[in-house]
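The values are calculated or read from the model by the stated rules, or taken from the named source; none is laboratory data. Predicted model only: the values in this text are computed from it and were never measured. Note: ideal-geometry Cβ built from the backbone for every residue, glycine included; neighbour counts use all protein chains shown.
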Amino acid sequence: EYADFLADHELQLGLALRLAERDYRRRPDHGHALETYAWALHKNGRSGEAAPYIERALDARRQLGEKKGIAISLNCLGNIEQLRGRHDRAMALYLEALNLVREIKWRSGEAETLGYMATVMAARGRYAAARESLREAAVIYEELGDVNGLAVVTAASSAVECSLGSCDEALATA
């Protein structure tokens, strides 16, 4: 868990990688250990090496039927694929994750996935679609009372609004 925390917050990334690798070596077929190792590799600039580990994590979680874990792995792999410039693959992964989180009624996972999808849409210049995805995520975060999630979505929405030529509106809502 500590390796996850460090990697997610981009703190002591070398330590995060060492801890994740140690856990992976102890539990080489465990979905969470594989995913954490992949994420730590990715955060250390080694995304090309990370993809096979997250693919294995996804396979492990599918075999166990861990729907929430599957969605997490799909989003993680989507993030890696997006940063590798594979936007079509990333969007397909995010859509699969979105369907899953909606099926299990995991609202915060739904909002997070919508945010990831918006980043792909914006990268493709589909700013209006990104805006709608972010608005949907914001509604969920408001319903959940998740101020951190709402802050992230608000910042992303401001960037999208500015890309649409509404920088004044973006600054007013930021």
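Summary of values
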| read-out | value |
| --- | --- |
| Lone unmet requirement of (1) under 17 Å from the mean Cα position of the chain (by Cα); (2) more than 26 Å from Gly125 (Cα to Cα); (3) not basic (Lys, Arg) for Tyr2 | (1) |
| Count of residues meeting criterion [under 10 Å from Trp39 (Cα atoms) and part of a loop (DSSP other than H, G, I, E, B)] in region 2-16 | 0 |
| Filter result (over 17 Å from Val101 (Cα atoms) and charged (D, E, K, R)) within region 36-69 | Lys43, Arg46, Glu49, Glu55, Arg56, Asp59 |
| Test: residue in region 77-90 that is touching an Asp or Glu at 6+ places or on another chain (Cβ under 7 Å) and at pLDDT 95 or above | yes |
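Residue-wise test of (1) modelled with pLDDT of 95 or more; (2) over 29 Å from Leu134 (Cα atoms).
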residue: Leu15; (1), (2): yes, yes
residue: Asp29; (1), (2): no, yes
residue: Ala38; (1), (2): no, no
residue: Gly45; (1), (2): no, no
residue: Ala51; (1), (2): no, no
residue: Glu66; (1), (2): no, no
residue: Ala97; (1), (2): yes, no
residue: Ile104; (1), (2): yes, no
